[in-house]
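I'd like to ask some things about the structure below.
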Amino acid sequence: MLARVADNLFWMGRYIERAEHTARFMNVNYFTSLDAPNKLSQSRQFVLQSILSLVGDDDDNAARLNEEEVLYNVGLNPDKGYSILNCVKYARENANSSRDCISSEFYESINKFYHFVMNFPKVTFVKSGLHDFTTHVAEHTAILRGKIRGTLLHDEIYALIMLGINIERATQVTRIIKTKFEDAEKALGSYSKPIQNSYEWTTLLKCCESYDMNRRFYKKVPEQITTLEFLILNPECPRSVMNSLNQIEKHISTIDNKKMRDKTSVSFLIGKMCCNYKFKTAEEIQKNVGGFIQTTLDSLVEIGEKLEKEYFYY
């Protein structure tokens, strides 16, 4: 396979996953704030700042944020590289460049997704269409993952797409944890144990579609330590960083099945990170949540860069 085609497949998976997480974060963060237990969490400025923080466009010293402008930028602004519109556009461009490797069913679904996003009216979106738009984005990405699993051969092409999906999922979940942890710190003052019992942990789980399963697993109201343990270390949670790392290790083995790996290779780095997280405890993470999250993000960036250097440079 040409390195260029492999790169297209990898990034197509990443952009699909990025669009979904951005859309779900906007939806949950915006609408759950209406029922938040304190005034700060209900504040439009607080919510908008949180949304911008996720996509890396935050500025704590910025003047008062305009709601329609922020929602448009993150959702449909073609001039913002992080917008959902551009994520879908880039995913389709990568699909076009690797058309011979994917099924007609999958391509038709991604094409339909592209036209839905491109034709969604801006005025409707910023006024009353946020819920419908973000819900449909999440549904379209779920359909795409179903087409990937159900219509493609589970070979190196499938492995490359799933590598992109799982690296992006681990990255986005970690970024969501980082954003909501910072929100929890800002929302101090309304709880007996502000950080541990903050309402932001419930919002975090809902942003990752993990609230119900967290309640089922722990049988109690979400708090900091159980939320972090569930979303970072639980291998059975499909949205957890640990689950994504296990999937990354599995799919890199399909592409590179060498038993002895060089210590500087991406396969070695992935295996080392998996082992490190396998024996990590929530108590260790809780001692320095911010530091651990940043280390995780740095490691995922390094994995992505090494993958591109070893397999995709052309």
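Please compute the length gained on full extension between residue 135 and residue 286, using 0.36 nm multiplied by the number of residues separating them and subtracting their Cα-Cα distance.
51.1 nm
What size of dipole, in debye to the nearest 20, comes out for the chain about its Cα centre when the only charges are +1 on Lys and Arg C-beta atoms and -1 on Asp and Glu C-beta atoms?
I would put it at about 580 debye.
Additional query: Estimate the FRET efficiency between residue 67 and residue 216 by the formula 1/(1 + (r/R0)^6), using the beta-carbon distance for r and 35 Å for R0, to the nearest 0.05.
0.50
Around residue 130, what is the net charge, scoring Lys/Arg as +1 and Asp/Glu as -1 over all other residues with Cβ under 11 Å from its Cβ?
Combined, the nearby Lys, Arg, Asp and Glu give -2.
So what is the 222 nm mean residue ellipticity for the chain from helices alone, if each DSSP H run of at least 4 adds -39500 (n - 2.57) and you divide by all residues, rounding to the nearest 500 deg cm²/dmol?
-22000 deg cm²/dmol
Just the accessible area for residue 239, please: 1.4 Å probe, Å², rounded to the nearest 10?
Result for residue 239: roughly 20 Å² accessible.
Students sometimes get this wrong: rank 136, 154, 21 by accessible area, probe 1.4 Å, all chains present, largest first.
Final ranking, largest accessible area leading: 154, 136, 21.
As I understand it, the dipole of the chain uses +1 on the Cβ of Lys and Arg and -1 on the Cβ of Asp and Glu, about the Cα centre. Which of 15, 77, 176 lies farthest toward its positive end?
Of the candidates, 176 comes out farthest on the positive side.
Could you tell me which residue out of 267, 248, 301 lies farthest along the dipole of region 228-302 toward its positive end? Charges go on the beta carbon: Lys and Arg +1, Asp and Glu -1, centred on the Cα centre.
So the residue we want is 267.
State the extension gain, in nm to one decimal, for the chain segment bounded by residue 79 and residue 294, taking 0.36 nm per residue of separation less the distance between their alpha-carbons.
Length gained, residue 79 through residue 294: 74.6 nm.
Under unit Cβ charges (Lys, Arg +1; Asp, Glu -1), what dipole magnitude, rounded to 20 debye, does region 249-314 have relative to its Cα centre?
Its charge dipole is roughly 300 debye.
Moving to a separate point now. For Kirkwood radius over Cα pairs in Å, the choices are (1) 20.2; (2) 22.1; (3) 19.0; which was calculated from the structure?
(1)
The values are calculated or read from the model by the stated rules, or taken from the named source; none is laboratory data. Being a predicted model, the structure only gives us computed values, none of them experimental. For neighbour counting, all protein chains shown are included, and Cβ atoms are generated from backbone atoms with ideal geometry for every residue, glycine included. Accessible surface is based on the protein model in full, side chains and every heavy atom, while ligands, DNA and RNA are left aside. Shrake-Rupley method; radii C 1.70, N 1.55, O 1.52, S 1.80 Å.
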